[in-house]
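**Q** Please see the structure below; I have some questions.
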Amino acid sequence: VQAEPSMYSTRKLLLLLALLLPAAVGQAAVVEDFYRVELPVAEGQPRDEVMREALEVMLGRLGGADVLSERGRFDSALKDPRSMMQRMGSSDDGGIDVEFEPAQLRDLMSAAGRPMLGPTRPGVMLWAVEQGTLGDEFLASGGSWTETLNQAARHRAVALSFPLNDLQDRAEVTEEVIVSADQATLVEATERYEATAALALYITEQSSGWKLDWHLYLDGEADDGSVSAETPEQAADELMQQVANLVFEQYAVPAAQSGELDNWIIVVDNVEGLNAFAGLQRILQQLGSQVAPQLLAINGSQVRLKFDFSGSEAQLVRLLALDQRLIKSEPPAPEPVAPQTPASLDAPLAIEPRDQQPLGSESDVMDVPAAEAPVPAAEPAPNTLYFRWR
């Protein structure tokens, strides 16, 4: 009898965790340490060479896989990578740890006329199965492959996350569903985590190394491929490069000079406290503008900010929606405007007799002043978007 309260408390705790964990996974898909690059240093390798490699990795994150196809645009920066750095140090394993200056990088990309994609990116939910000696098995949480894929995702700026693999997941997504890359099932299961993309991965070991067969479902588009490499680290890095490229193709913001940028206004409700306000500012700054967002007004918990953006409205809304702290809302309804009644209609009409005209002639029609047309309701302000913060 005494065990019942303990069991009841345990069930309550498990239920609470089941409710909280998916919400934690579904936080804003912002790549942490986006501007920070860690690289190993080979014995005898010049530090300047490693710093140049770090800048190349950073440019690839920000500007896509082919950003260095026109190297002449970045030669100056690559000759002096320190000019792009904010901080440099040594990592725990003896490599280098470099943090780059965001504003300097944005200026560099804008001058080169290259599209950009900042740290706010679509979340990618990974559904993975590894071929084992006793058959296919879900990728073990905390296993070596999980950590290897996580490291590769961070290195290539992929907002990767893993499902809970709890009873609900197991009931919906089986090993067979992942191996066969059942799009409908995987996309539906991913909605639980508020991730934008579903990535199905099948890992097999071969005599020459490892093979990763993958399918990516992102915003209604499906892509697939296969990666083979000698080591898990090489295979994972190649996979995340390919995923990052597909994300970049869909979400990159086209470059524009400062004079070509469109001005936008965003009105956000429920912005409570400095942390929320600072988070909103960072979201807008990460859209690629070289000018910091400008605060126009604060009304209680509602803030109004002005910022620059070079893409279309549809692209802007999609990028803002990636950060799940922003929920799009409808613009306020315009206040109705009562139609104006002419003063001449308020007084009785005087009709003079016209004895000289036959009854029913056109001249019997009264000359009544035409009523003024009602004033149309004001249209929503152009280039203005409405959201609420959660």
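**Q** Going by average Cβ neighbours within 10 Å, how do the peptides 315-327, 147-159 rank, with the highest at the top?
**A** Working: 315-327: 18.1, 147-159: 21.2.
With the highest mean Cβ count within 10 Å placed first, the list reads 147-159, 315-327.
**Q** Where does each of 47-57, 69-79 land if you order them by average Cβ count within 10 Å, highest first? Write out the running numbers ahead of the final one.
**A** Values: 47-57: 17.2, 69-79: 12.8.
Peptide ranking by packing, descending: 47-57, 69-79.
**Q** Quick one: net charge of SER91's neighbours, Cβ under 15 Å, K/R +1, D/E -1? Mind dumping the intermediate values first?
**A** On the way: positive: ARG36, ARG47, ARG87, ARG154; negative: ASP33, GLU38, GLU53, ASP92, ASP93, ASP97, GLU99.
Net local charge, SER91 excluded: -3.
**Q** Residue farthest toward the positive end of the dipole of segment 95-138, with Cβ of Lys/Arg at +1 and Asp/Glu at -1: which of VAL124, GLY95, SER110?
**A** Of the options given, the answer is SER110.
**Q** Please report, in Å, the Rg and the Dmax of segment 128-179, where both are computed over Cα atoms only.
**A** Every Cα atom of segment 128-179 included, Rg and Dmax give 12.1, 34 Å.
**Q** All other residues with a Cβ under 9 Å from the Cβ of ILE283 taken together, and with Lys, Arg as +1 and Asp, Glu as -1, what is their net charge?
**A** Its environment carries a net charge of +1.
**Q** I need the peptides 180-192, 196-208 ranked by packing, meaning the mean over residues of other C-beta atoms within 10 angstrom, with the highest value on top. Display every interim value, and only then the final one.
**A** Values: 180-192: 16.8, 196-208: 19.0.
So the order, starting with the most tightly packed, is 196-208, 180-192.
**Q** Excluding ASP33 itself, what net charge comes from residues whose Cβ is under 13 Å from its Cβ, given Lys and Arg +1 and Asp and Glu -1?
**A** Details: positive: ARG36, ARG61, ARG87, ARG154, ARG156; negative: GLU32, GLU38, ASP97, GLU99.
Its environment carries a net charge of +1.
None of the figures in this text is laboratory data; all of them are computed from the coordinates on show. The model shown is predicted, which means the values in this text are computed figures rather than measured ones. Cβ: placed from backbone, ideal geometry, glycine included. Neighbour counts: every protein chain shown.
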